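Everything on this sheet refers to the single structure shown next.
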Amino acid sequence: MGRRPLDAKGDGSRVSDTPDRPVSDATRVVTAGRRPEWTNGIVNPPVWRASTILYDTVADLRAGLAGDSHHRLFYGRRGTPTQWSLADALTELEPGAGGTILYPSGVAAVAAALLTVLSPGDELLLVDSAYDPTRAMADGLLRRMGVTTRYYDPLIGGGIAELIAERTRAIFLESPGSLTFEVQDVPAIAAAARARGCVTILDNTWATPLHFRALEHGIDLSVLACTKYVVGHSDAMLGSVTATPELWPRLLSTSRQLGQVASPDDCWLASRGLRTMAIRLKQHEASALRIAQWLATRPEVAEVLHPALPACPGHELWRRDFTGASGLFSFVLNGGTDAARSALIDGLALFGIGYSWGGFESLALPVDPHRHRSVAKRPQAGPMVRLQIGLEDPADLIADLEAGLDRWRRATD
Ligand SMILES: Cc1ncc(COP(=O)(O)O)c(C=O)c1O
């Protein structure tokens with residue numbers, strides 16, 4: 001047993017967290033979820049792999065069935081300290097939350113959040129700028145279940161109240177939106193939802209709880225694709241849902257019925273990633289902002305969609321509600337063809353071409369948001385490119401992009 005428990009009371013409150021002086025998030029990512037009674041004092045929880053848990057007697061086995069087996073070794077599907085520690089850490093990053101469940105991917109987490117609150121006959125209001133697989137889930141699985149979906153403009157704000165109908169049960173937000181980065185008025189939407197008895201679900205992957213505390217802004221279920229910044233090294237898939245105390249029992253029971261298990265190996269990688277997330281995010285933020293500002297000065301670029309730049313739709317909401325930015329944004333080329341955009345991307349030396357983001361390495365992706373929009377299609381001067389800015393020196397990345405813009409110009413002239 002470690003001699004200096006970080007959680008002296010065993011109730012999730014930190015010994016260093018006082019009402020007068022809550023610890024900062026940079027400290028919290030270091031201390032969160034570390035319970036010596038789970039790890040015998042080992043700093044990062046080891047990988048505990050398990051399916052069967054053995055009991056000494058039949059009586060012990062039966063006793064195991066009694067009461068709540070959350071955070072108790074029971075059967076592999078209920079997890080081990082490797083998973084509990086990470087889930088607890090994510091709960092601590094959303095002060096006041098009831099608990100967190102982990103899933104084998106971000107999309108699995110989105111599915112669990114939706115299935116926690118929706119039943120046949122319900123209506124879902126889904127932001128038009130949601131991640132495409134979230135839309136596919138609404139248009140496929142949910143529709144088959146008898147749940148209807150209406151899409152809404154990400155910039156609707158408090159106007160959402162007019163869309164809430166008798167059957168509306170949940171509002172799904174993603175802020176900033178995928179590919180186009182519109183920032184939503186989360187407090188206004190959450191207030192309208194509460195007033196009408198609707199649940200709000202937010203995909204908070206871009207900001208993470210370090211840049212946007214979802215529950216403090218009125219959200220009921222906060223989803224993270226931990227695959228991105230929590231893991232941070234592009235080597236594991238993982239998702240999470242963090243719930244208010246009111247929704248936590250329902251999230252827990254729905255998740256148990258779904259039977260999804262996050263692998264202890266992946267949780268171990270994510271716990272390791274979490275410890276450096278605050279410092280990594282600082283660098284992602286600084287480098288991405290520098291590159292976004294540079295791109296905004298270039299004649300080849302029509303528009304830069306980065307929530308920290310004034311031209312981004314919802315920028316003033318980002319300033320009001322967020323404490324920082326991360327490393328993902330898009331830019332629109334000043335005309336040109338798909339082939340010219342490919343010439344720009346194909347020749348990049350430091351940017352990989354591939355899906356996902358949030359890792360230590362930079363990525364560039366051709367994106368066409370109008371294919372995934374129903375109610376909020378915005379005019380675009382040319383093809384769009386999404387950049388994930390990694391931890392390389394931004395001066396090297398700018399030189400790489402400058403050569404790329406040159407290739408675009410030659411292919412366009
Ligand atoms: C905003 C957003 N949410 C959710 C996901 C899904 O996460 P995963 O790839 O872990 O399923 C992604 C993946 O790119 C994403 O960009």
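Summary of computed values
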{"read-out": "Boolean, Gly273 is under 30 Å from Gly158 (Cα atoms), of a type in the set (Gly, Ala, Ser), touching a Cys at 6+ places or on another chain (Cβ under 9 Å) and within 16 Å of the ligand (Cβ to nearest atom)", "value": "no"}
{"read-out": "Qualifying residue in region 236-251 (condition: open to solvent by 40 Å² or more (accessible area, probe 1.4 Å), within 16 Å of the ligand (Cβ to nearest atom) and outside any helix (DSSP H, G or I))", "value": "yes"}
{"read-out": "Helices (runs of 4 or more DSSP H) completely within region 127-231 that count 2 or more residues being within 17 Å of His372 (Cα to Cα) and at pLDDT 95 or above", "value": "132-137"}
{"read-out": "Residues that are under 18 Å from Arg135 (Cβ atoms), out of contact with any Leu (no Cβ under 9 Å at 6 or more places or on another chain) and either open to solvent by less than 10 Å² (accessible area, probe 1.4 Å) or more than 16 Å from the ligand (Cβ to nearest atom) (or both), drawn from region 164-190", "value": "Gly177"}
{"read-out": "Answer from Ala161, Ala193 - the residue that is away from the ligand (no atom under 16 Å from the Cβ), within 29 Å of Pro310 (Cα to Cα), out of contact with any Ser or Thr (no Cβ under 8 Å at 6 or more places or on another chain) and of a type outside the set (Ser, Thr, Tyr)", "value": "Ala161"}
{"read-out": "Residues of region 339-373 classified as open to solvent by less than 50 Å² (accessible area, probe 1.4 Å), free of Cβ contacts under 8 Å to residues at least 60 places away in the same chain, under 26 Å from Leu238 (Cβ atoms) and within 16 Å of the ligand (Cβ to nearest atom), total", "value": "6"}
{"read-out": "Yes/no for Asp132 being within 16 Å of the ligand (Cβ to nearest atom), of a type in the set (D, E, K, R) and touching a helix residue (DSSP H, G or I) at 6+ places or on another chain (Cβ under 6 Å)", "value": "yes"}
{"read-out": "Any chance Leu86 is within 16 Å of the ligand (Cβ to nearest atom) and surrounded by 21 or more Cβ atoms within 10 Å (Cβ to Cβ)", "value": "yes"}
{"read-out": "Condition broken by Leu333, with the remaining ones in (1) more than 16 Å from Ile398 (Cβ to Cβ); (2) open to solvent by 10 Å² or more (accessible area, probe 1.4 Å); (3) hydrophobic (A, V, I, L, M, F, W, C) satisfied", "value": "(2)"}
{"read-out": "Subset tally (residues that are open to solvent by less than 60 Å² (accessible area, probe 1.4 Å), of a type outside the set (Ser, Thr, Tyr) and touching a residue at least 24 places away in the same chain (Cβ under 8 Å)) for region 52-83", "value": "4"}
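The values are calculated or read from the model by the stated rules, or taken from the named source; none is laboratory data. Worth saying up front: this structure is predicted, and the values here are computed from it rather than measured. Glycine also receives a Cβ, built like all others from the backbone with ideal geometry; neighbour counts cover every protein chain displayed. For the accessible areas, the whole protein counts, side chains as well, though only heavy atoms, and no ligand, DNA or RNA atoms are used. Shrake-Rupley method; radii C 1.70, N 1.55, O 1.52, S 1.80 Å.
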